[in-house]
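Trainee: Have a look at this one before I ask anything.
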Amino acid sequence: MMRCLYSGVSGLQNHQVRMDVIGNNVSNVNTYGFKKNRVSFQDLLYQNMSGAAAPTVEVGGINPKQIGLGMSIAQIGTIFTQGALQTTGRNLDLAITGEGFFIEKKGENVFYSRTGVFGIDKDGVLVNPSNGFRIQGWNSEFVNGKYIINTANPIGDITIPIGGKSPAKATSRVDYKSNLNSETAALPEGREPTEEEIAASVHKTTIDIFDSKGNKHQLQLSFTRIPGTVNQWTCTATMLDLPDVQIQLDIPGNNINDSNSILLQFNNEGAILSTSDNPANPGAPSDIINVGNLIANASFVLPDGQQQNIQLNLGTSGQYDGITQFASPTTTKAIDQDGYTMGYLETFVIDNQGVVTGIYSNGEKIALGQVALATFTNPEGLQKVGDNNFVQTINSGMANVSAANTAGKGALVAGALEMSNVDLSEEFTDMIVTQRGFEANSKTIQTADQMLQVIMGLKR
């Protein structure tokens, strides 16, 4: 009889704990990144009334007789199923699709979270604005003229240089793509051409280039068919805005071209074949390139004494990726150059690997940093500490840190947040079942009490 009372009490107590867990789940139904908990029960102890007996020749075996002594909580586990994503449109909101945790740091204390509501403090550090914890990742490094992110380095605070500058860069490479009309008439020989003849025979293209201070200049390339030849053109370079600046256009090799012109040779199929020096003086020593990438080096000295060298990429020999010669209108298809003026950071974006890319007023896009993610062998072994944060325990395993979309980690979605994985219909169903279990255990106690009253009434 007393065993029944104590069993009922254990049922009441533990069903109350389950109701507490359900209540916490329901209260966090709209908490970003929240992971629900689940209570598992187990039976407690057993009193043996008699043990088991083995069968004999005369009788069969006898099973043990046991009376249970109630129940207890086996586990209150965290369920890490994926929550639904909610679009926010805010570029500092990040959601994880798949495995992984954001890494936050306060002093020497490290925390892990699925909540991607981030902000920037006054120092430009990426933080959790609700508690000031600093988001961990990698900052970019300037190596060999490029900004790179080395994820092999230790993680640290991510700094976004709001209002920062992208320094000017002098143009060092120009990729030129165009078509020269094969039907273009050559300039007349033996007399000065008219302006109409020049306009019809010479194709001019102006390319904006930059010096090391960010000043813009206009490099003009003029293409003229060579009279009396087949598929040969002269390319002449001048500075349109600085007519007094002399340009030396040279094909790499042993011989230096002292002019601003080179020769281009095409085949009958319209592909460029070669580039060479000294088209105006064929008898002079010259260099020629007739394989691979066809280039020319443009060198000049600006009025301030600054020397600038630009590599003109004209295409690949025998291919159609640069200058071509077809019976189509002469047009410039594409020009790409690597110089730019100084610019200010205007905004930034974050991709699915957590790379923060700054967009500057000069059109440059520079990698500023990258958000790190952590995974665990046993994520259910993590301990909740509030603020939507977890801490590592001896049963969770060590944090495995790397970039998103690598080493089994999920991808990041910018402009979205992960919702709670609490299912209200499931929670309300569990609430009903828990309530009925609580009522059943209370009924057990009531019935046992009534039986005790009957026993007490037997006394005379």
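The values are calculated or read from the model by the stated rules, or taken from the named source; none is laboratory data. Only a predicted model underlies this, so the values are computations on that prediction, with no experimental measurement involved. Ideal geometry is used to build each Cβ from the backbone, glycine not excepted, and the neighbour counts take in all protein chains shown.
Trainee: So, in segment 90-139, exactly how many residues are without any contact (Cβ under 8 Å) to a residue 60 or more places away in the chain, assigned to a strand (DSSP E or B) and over 22 Å from residue 399 (Cα atoms)?
Mentor: 3
Trainee: Take segment 131-186 and flag every residue that is in contact with a strand residue (DSSP E or B) (Cβ under 7 Å, 6 or more places away or on another chain) and among the small types (Gly, Ala, Ser).
Mentor: 137, 140, 156, 163, 164, 166, 168, 170, 172, 178, 186
Trainee: Further, regarding this structure: Report, by residue number, each residue of segment 409-428 that is within 12 Å of residue 35 (Cβ to Cβ) and in contact with a helix residue (DSSP H, G or I) (Cβ under 8 Å, 6 or more places away or on another chain).
Mentor: 422
Trainee: Shifting gears a bit: Every residue in segment 331-360 that is assigned to a loop (DSSP other than H, G, I, E, B), surrounded by 15 or more Cβ atoms within 10 Å (Cβ to Cβ) and in contact with a Leu (Cβ under 8 Å, 6 or more places away or on another chain), please.
Mentor: Of everything in segment 331-360, those that are assigned to a loop (DSSP other than H, G, I, E, B), surrounded by 15 or more Cβ atoms within 10 Å (Cβ to Cβ) and in contact with a Leu (Cβ under 8 Å, 6 or more places away or on another chain) turn out to be 351, 353, 354.
Trainee: Please enumerate the residues belonging to segment 74-132 that are surrounded by 13 or more Cβ atoms within 10 Å (Cβ to Cβ), of a type in the set (Ser, Thr, Tyr) and within 15 Å of residue 416 (Cα to Cα).
Mentor: 88, 97, 115
Trainee: Shifting gears a bit: Looking for whichever is without any contact (Cβ under 8 Å) to a residue 40 or more places away in the chain, surrounded by fewer than 15 Cβ atoms within 10 Å (Cβ to Cβ) and either touching a Pro at 6+ places or on another chain (Cβ under 8 Å) or on the phi < 0 side of the Ramachandran plot (or both) here; the options are 265, 307. Which one fits?
Mentor: 307
Trainee: To continue, here is another question. Tell me yes or no: at least one residue of segment 336-348 is at positive phi and not assigned by TED's automatic domain parsing to the domain that holds residue 272.
Mentor: no
Trainee: Consider residue 197 carefully, then state whether it is surrounded by fewer than 16 Cβ atoms within 10 Å (Cβ to Cβ), assigned to a loop (DSSP other than H, G, I, E, B), modelled with pLDDT under 90 and in the same structural domain as residue 324 (by TED's automatic domain parsing).
Mentor: Against the criterion (surrounded by fewer than 16 Cβ atoms within 10 Å (Cβ to Cβ), assigned to a loop (DSSP other than H, G, I, E, B), modelled with pLDDT under 90 and in the same structural domain as residue 324 (by TED's automatic domain parsing)), residue 197 does not qualify.
Trainee: Looking at the structure I just gave you, is residue 8 touching a Ser or Thr at 6+ places or on another chain (Cβ under 6 Å), more than 19 Å from residue 385 (Cα to Cα) and either in a helix (DSSP H, G or I) or of a type outside the set (A, V, I, L, M) (or both)?
Mentor: The answer is yes for residue 8.
Trainee: Condition (residue is in a strand (DSSP E or B), at negative phi, surrounded by 15 or more Cβ atoms within 10 Å (Cβ to Cβ) and among the β-branched types (Val, Ile, Thr)) applied to segment 181-193: is it met by at least one residue?
Mentor: No, that holds for no residue.
Trainee: Quick check on my filter: what residues within segment 108-128 are among the polar types (S, T, N, Q) and either on the phi > 0 side of the Ramachandran plot or out of contact with any strand residue (DSSP E or B) (no Cβ under 7 Å at 6 or more places or on another chain) (or both)?
Mentor: Hits for segment 108-128 are 109, 115.
Trainee: Sort through 402, 425 and tell me the only one that's under 25 Å from residue 131 (Cα atoms) and of a type outside the set (Val, Ile, Thr).
Mentor: 402
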